[in-house]
Amino acid sequence: MESAVDRLSRLARERSLTVAVAESLTSGLLASQVGKGADAGDWFSGGVVAYRTSVKEDVLRVPEGVDPCSAECAEALATGVRDLLDADIAVSTTGVGGPDPEGGHDPGTVYLGWASSEGAGFDHLELSGEPDEILRATVEHALRLLAKLAEGPK
């Protein structure tokens, strides 16, 4: 069975797509996996790790005061990195990995943002487990989301 990274890289090459990621929760883990795709240098534009709120706002244009663990933030991160890196499709990760609650959100509260020429949106996940398990699951969901976006219209 084809992995999400293999599917993404195949579709990106077939459809001449460029891909970008913005990461808060996953701190570069997603970009590391995307970069393992075949011929990633041809289609992976790159990523931005925006952990601090000021970086989210100043670099990726997340509106000031937006909850960093929210659908609005996830969408803004994805749209911001897509614009910044001039990519066709983009996905973002934000949320609380744990082990403790943060900002009124339970561990495992995760938002994946997406942006393409078709618009922007988000997926809300409620994950469980240790922090490393939450991060791994988030990356897997994000890779599948990128592959799904790569299947759609450019």
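Computed from the coordinates by the stated procedures, all read-outs in this text should not be read as laboratory data. A quick note: this is a predicted structure, and the numbers were derived from the prediction, not measured. No Cβ is skipped: glycine too gets one built from the backbone with ideal geometry, and neighbour counts run over all protein chains shown.
Quick notes on this one:
- Here the residues 9, 32, ranked from fewest to most Cβ neighbours within 10 Å of their Cβ, fall in the order 32, 9.
- Of the complete DSSP H runs in the chain, those spanning 20 angstrom or more by Cα along the long axis with a mean Kyte-Doolittle score not below -1.0 are 131-151.
- Each of 39, 67 has some number of other Cβ atoms within 10 Å of its Cβ, and from fewest to most they run 39, 67.
- Around residue 55: net Lys/Arg minus Asp/Glu count, Cβ-Cβ under 14 Å: -1
- Cα-centre dipole for the chain with unit charges at Cβ (Lys and Arg positive, Asp and Glu negative), debye to 20: 540 debye
- Charge tally in the Cβ shell below 14 Å around residue 133, where Lys, Arg are +1 and Asp, Glu are -1, residue 133 excluded: -3
- Under 15 Å, Cβ to Cβ, from residue 9 - net charge with Lys/Arg +1 and Asp/Glu -1: 0
- Only helices enter this figure: runs of n ≥ 4 DSSP H residues, each worth -39500 (n - 2.57), summed and divided by the residues of the chain, yield -12500 deg cm²/dmol at 222 nm to the nearest 500.
- Computed extension length for residue 53-residue 83: 8.9 nm, one decimal, from 0.36 nm per residue of separation with the Cα-Cα distance subtracted.
- Percent of C-alpha pairs per 10 Å bin, the chain, short to long: 13, 46, 33, 8, 0
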